[in-house]
Amino acid sequence: MKTKLIAVLMICVQLGWVAPSAAFDPVDLKRLLETKQCGGCNLTNANLAGMDLSGTHLIGAELRGANLKGAKLVRANLEGADLTGANLENTNLTGAYITNASLKSTNLRNANFANSTLIRAYLQNANIGNTNFKDANVHGANFTGVNYDVAALKY
């Protein structure tokens, strides 16, 4: 029975009936690293951990599941970006522009959003433990179901 199931799955994948897991577009990643301009890029599940992406323009970018742990996104423009399920632990987002962006189910533990703009940002079910929002504009942001501790909202 297992052999038949594996054979059927192999045929489905070959015929395109079953999509492989989403992955980033290497051309988009190269463009981001060379120009710091990557509006609408597909960076789904990309490993950008520890990278200096300060001042990048990622308007409308797909960053679902991306690893941005420890990355530097100072003054980055993430307007309309989808960071659902991304790892932004220890990420520096000082002065970043993050309006109408999805940060649902993201790991934002120890992230720094000081002086950032998070207007209408969606942070449902995100981990914001010990995250710094000092002097951030979070007007209209949705924090439903977030996981936080006492030190999370520093003013």
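Scanning residues 5 or more positions from Asn137 or on other chains, those with amide H under 5 Å from its amide H are Ser116, Thr117, Leu118, with H placed 1.01 Å from N in the peptide plane.
Size estimate for segment 48-155 follows the Kirkwood approach: the inverse of mean 1/r over distinct Cα pairs works out to 12.9 Å. These residues, Thr99, Thr35, go from largest to smallest accessible area, 1.4 Å probe, as Thr35, Thr99.
Averaged per residue, segment 114-153 has 51 square angstrom of accessible surface, using a 1.4 angstrom probe with ligands and nucleic acids left out.
From largest accessible area down, sort Asp52, Asp149; use a 1.4 Å probe on the protein chains.
Numbers: Asp52 90, Asp149 55 Å².
The ranking, largest first, comes out as Asp52, Asp149.
Against the criterion of solvent-accessible heavy-atom surface with a 1.4 angstrom probe, Phe24, Phe133 sort, most first, into Phe24, Phe133.
Counting only protein heavy atoms and using a 1.4 Å probe, what share of the accessible area of segment 43-155 belongs to carbon plus sulfur, as a whole percent?
Working: 2150 of 4770 Å².
With neighbouring chains kept in place, the figure for segment 43-155 is 45 percent.
Converting phi to 3J(HN,Hα) with the Karplus coefficients 6.51, -1.76 and 1.60 and the offset θ = phi - 60°, segment 90-98 yields 6, 8, 9, 10, 4, x, 6, 10, 10 Hz in sequence order, with x at every glycine or proline.
Taking only the Cα atoms of segment 18-101, the ratio Rg/Rh comes out at 0.94, with Rh defined as the Kirkwood radius. Average accessible surface for segment 26-79: 47 Å² per residue, computed with a 1.4 Å probe over protein heavy atoms with every protein chain in place.
The values are calculated or read from the model by the stated rules, or taken from the named source; none is laboratory data. Here the structure is a predicted model, which means the values were calculated and not measured. What goes into the accessible areas is simple: the full protein's heavy atoms, side chains included, and nothing from ligands, DNA or RNA. Shrake-Rupley method; radii C 1.70, N 1.55, O 1.52, S 1.80 Å.
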